[in-house]
Structure formats: C-alpha cells, structure tokens
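Before any comments, here is the structure.
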Amino acid sequence: MRKIAKIPRILQINSIEGLTISVVFNNGESRLIDFRKSFAAMLQDKSSPVSKLLKSSVFNKVKLNNHTLSWDNIEQGIQFKDKQIKVPFEIGADTLYKASIPVEQIKLSPDTLGAKIKAAREKEGMTQLELATRSGTSRSYISRIENDEAGIELHTLEKIVAYGLRKKLEIKIKS
C-alpha cells in the first residue's frame with residue numbers, strides 16, 4: 001500500500017508584523033515565519049526576489065495562493081520549454097514550514113486574553129483544575145485558553161470570569 005505524503009499547506013494568514021507572518025498550517029499548528037531570520041542569506045542577495053521583500057509596502061501585499069504565501073507585486077521568470085513565463089513570487093509551503101516556529105515557543109504578550117486569565121487565576125492562588133471546576137470547564141481547556149491555543153465563546157468567558165474567578169467581566173472596544 002502506498003503511503004500518502006503529508007505536504008504542509010497554509011490555511012490562513014493570521015497577522016503580519018514587520019517581516020514576520022503568523023500563519024495556520026493544515027496540521028492545525030499556528031506558526032510564525034520570521035523572514036529576517038529565516039531568509040537572511042536570500043535577503044542579502046540583491047538579485048534574489050526575496051530581497052525586494054525588505055520594503056514593508058512590498059512585503060505587506062502578501063496573499064494566500066494555492067496554500068502558500070504569494071506576492072503578486074513581485075514577478076519572477078520561469079523558463080518553460082522555449083519561452084519564459086512571468087509568475088508571482090512564491091515560497092513553497094514546505095520551505096515556509098521548515099523556516100517557521102510554533103507559536104507555543106513564542107513568549108505570550110501580557111495583553112492576550114489567555115495571559116490575563118492566567119494572571120488573574122494565579123493572583124487568586126488557584127490551580128487550573130480549581131478554575132475549571134468552578135467555571136464548569138475542563139483543566140485542559142483552561143490550559144489551552146491560557147496558552148492562546150483555543151478560542152473562547154463570550155458565554156464561556158463570562159462563566160470563567162464570573163464563577164471561576166469571581167470577578168466582573170468588562171469588555172471595551174478601542175479604536
């Protein structure tokens with residue numbers, strides 16, 4: 001029986017900051033691609049299309065195309081038989097996967113919702129299990145929330161804050 005190769009594919013671009021892009025791969029992992037670190041050698045080569053990505057106005061125009069990152073604003077030529085074809089600049093998802101790091105390895109900002117819940121829980125001297133029991137969730141779910149690995153519905157957030165932490169939930173939308 002033939003084994004099916006699992007090829008990395010990008011499902012979504014989460015965010016772009018500087019020369020760093022956060023993406024979700026088809027294995028469910030959120031990963032961070034730091035172009036300045038991962039592609040340093042290519043960035044130095046002025047003949048490489050990657051060197052054009054140093055300008056934020058160029059870099060920020062990245063799009064998801066065929067499950068990989070693509071820049072329509074950078075053309076590259078591919079020799080095909082007897083003619084050259086111009087195509088958008090793309091880096092294969094397998095290369096991007098190897099050049100990225102899982103989000104779990106990144107220190108979370110104290111401004112994330114998960115970090116705020118963890119800080120409030122620790123301030124109360126509670127374990128994740130105690131918070132989960134009080135709020136009607138599981139310890140593993142609390143852990144995933146605190147590590148920003150799981151989304152949370154507003155109703156569940158309200159239960160965790162009101163019943164688990166015994167605090168009031170206040171939501172602000174700032175511009």
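The values are calculated or read from the model by the stated rules, or taken from the named source; none is laboratory data. In this text the structure is predicted, and so the values were computed from the model without any measurement. Because the Cβ atoms are built from the backbone with ideal geometry, glycine has one as well, and the counts that use them run over all protein chains shown.
Rundown of residues vs (1) among the charged types (D, E, K, R); (2) surrounded by 13 or more Cβ atoms within 10 Å (Cβ to Cβ); (3) modelled with pLDDT of 90 or more, yes/no style:
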site: 120; (1), (2), (3): no, yes, yes
site: 134; (1), (2), (3): yes, yes, yes
site: 158; (1), (2), (3): yes, yes, yes
site: 162; (1), (2), (3): no, yes, yes
site: 165; (1), (2), (3): no, yes, yes
site: 171; (1), (2), (3): no, no, no
site: 174; (1), (2), (3): yes, no, no
* Structure fact -> Scanning the range 136-145 for residues that are surrounded by 16 or more Cβ atoms within 10 Å (Cβ to Cβ), over 16 Å from the mean Cα position of the chain (by Cα) and not hydroxyl-bearing (Ser, Thr, Tyr) gives 142
* **Qualifying positions in the range 1-10 - within 13 Å of residue 96 (Cβ to Cβ), modelled with pLDDT under 90 and either exposed (fewer than 14 other Cβ atoms within 10 Å of the Cβ) or in contact with a Ser or Thr (Cβ under 8 Å, 6 or more places away or on another chain) (or both)** => 7
* **Options 30, 57: the member that is of a type in the set (Ser, Thr, Tyr) and closer than 25 Å to residue 103 by Cβ** => 30
* Structure fact -> Residue count, the range 37-92, condition in a helix (DSSP H, G or I), modelled with pLDDT of 85 or more and surrounded by 13 or more Cβ atoms within 10 Å (Cβ to Cβ), comes to 2
* Could you list, in sequence order, the residues of the range 11-27 that are under 16 Å from residue 98 (Cβ atoms) and touching a residue at least 24 places away in the same chain (Cβ under 8 Å)? -> 21, 23, 25, 26
